[in-house]
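Notes for the one structure printed next.
The values are calculated or read from the model by the stated rules, or taken from the named source; none is laboratory data. Because the structure is a prediction, the values reported are computed rather than measured. A quick note on method: Cβ atoms are made from the backbone with ideal geometry, for glycine too, and the neighbour counts reach across all protein chains shown. Heavy atoms of the whole protein, side chains included, go into the accessibility calculation; ligands, DNA and RNA do not. Shrake-Rupley method; radii C 1.70, N 1.55, O 1.52, S 1.80 Å.
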Amino acid sequence: MMKTNTYAWKLKEIIMLGIIAVIFALVSFGTAQGIAIPLLLPFAAAGFPPNYPFEVFWGIFFMHAILAGYIIRKPGVGLCAAMLAVLIQFLMGNATGPLIFLSGFVTGLGAEIGFALFRYRIWNWCSIFVAITACTILSFILTWWTLGYHTMGFGLPTIALIFCTRLASGFLFAGIIGKFLADRLAKTGVLKSYPIGRDFTADIDE
């Protein structure tokens, strides 16, 4: 008997990936341009490190990769969602230019590493937080250089503040808020034809 490839993508999953990428590309673009950038000067005047407002909201930039992976639950989904989202932001005229593709790549790669550690079989708070932690570590390594943090002579307390803020932001936006939104949609039955729907089939049938 021929075995079914459980990791093969279906058309509806590709469409869902595109929807997630578009939605969170718009959310990320709006957050960066409308919130983080206007807050740069006030935060700097208050004594925070450069670019700190971006750290506060960085978890929003993880949401496309984490949510796509959590809903569709197949290898490569998080990376593809991240790259599509940054492509859209680039075409919209993002502030960092082509560097956003590197950011999208490491974010998507972090999500893939986190979920791959659980062999794409365990989808709970633990696997999500591990994926977010991987996103945080890889993105921090990248932005340590691209944002010029390595030239600013930060002490260990400042480095810890920046990293922990980004990690906490990831847990809040991509973890707590993101999982809540996905689970709520799944409970309504909207996502019942996607892998996440298996977790809520009994609730829907009742």
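A few comments on the model shown:
- Under the simplified labelling scheme, the Lys192-Trp144 pair shows an inter-label distance of 4.9 nm, with each label point 7 Å from Cα along Cα→Cβ.
- About the Cα centre, charge dipole magnitude for the chain (Lys/Arg +1, Asp/Glu -1 at Cβ), debye: 460 debye
- Sites Leu117 and Thr151 - FRET efficiency at Förster radius 35 Å, r taken between beta-carbons, to 0.05: 0.55
- FRET efficiency for the pair Thr158 and Ala8, taken as 1/(1 + (r/R0)^6) with r the Cβ-Cβ distance and R0 = 41 Å, rounds to 0.30.
- Residue-normalised accessible area of the chain, given per residue in Å² at a 1.4 Å probe: 50 Å²
- Of the labelled figures (1) 29, 19, 17; (2) 32, 17, 16; (3) 35, 21, 16, only one reflects semi-axes √(5λ) of the Cα gyration tensor in Å as derived from the coordinates, namely (2).
- Highest mean packing comes first when the peptides 164-176, 93-105, 74-86, 34-46 are listed by Cβ atoms within 10 Å, giving 74-86, 164-176, 93-105, 34-46.
- The range 19-72 versus the range 79-103: alpha-carbon centroid distance in Å: 13 Å
- Simple spin-label estimate for Asp199 and Phe180 gives 1.5 nm between the two label positions (7 Å along the Cα-to-Cβ direction from each Cα).
- For the range 1-62, with all protein chains in place and a probe radius of 1.4 Å, 75% of the accessible heavy-atom surface sits on carbon or sulfur.
- Fully extending the segment from Leu41 to Leu26, taken as 0.36 nm per residue of separation minus the present Cα-Cα distance, adds 3.0 nm.
- Mean Cα-pair separation over length for the chain, i.e. relative contact order, pairs under 8 Å, 6 or more apart, %: 23 percent
- Taking 0.36 nm per residue of sequence separation and removing the Cα-Cα distance, the Leu172/Ile19 pair yields an extension gain of 52.9 nm.
- Span-rule helices in the chain, defined as complete DSSP H runs reaching 20 Å or more along the axis (Cα) with Kyte mean at least -0.5: 11-31, 77-92, 99-116, 125-146, 156-170
- Gyration tensor (alpha-carbon) shape descriptor, the range 84-156, a/c threshold 1.5: oblate
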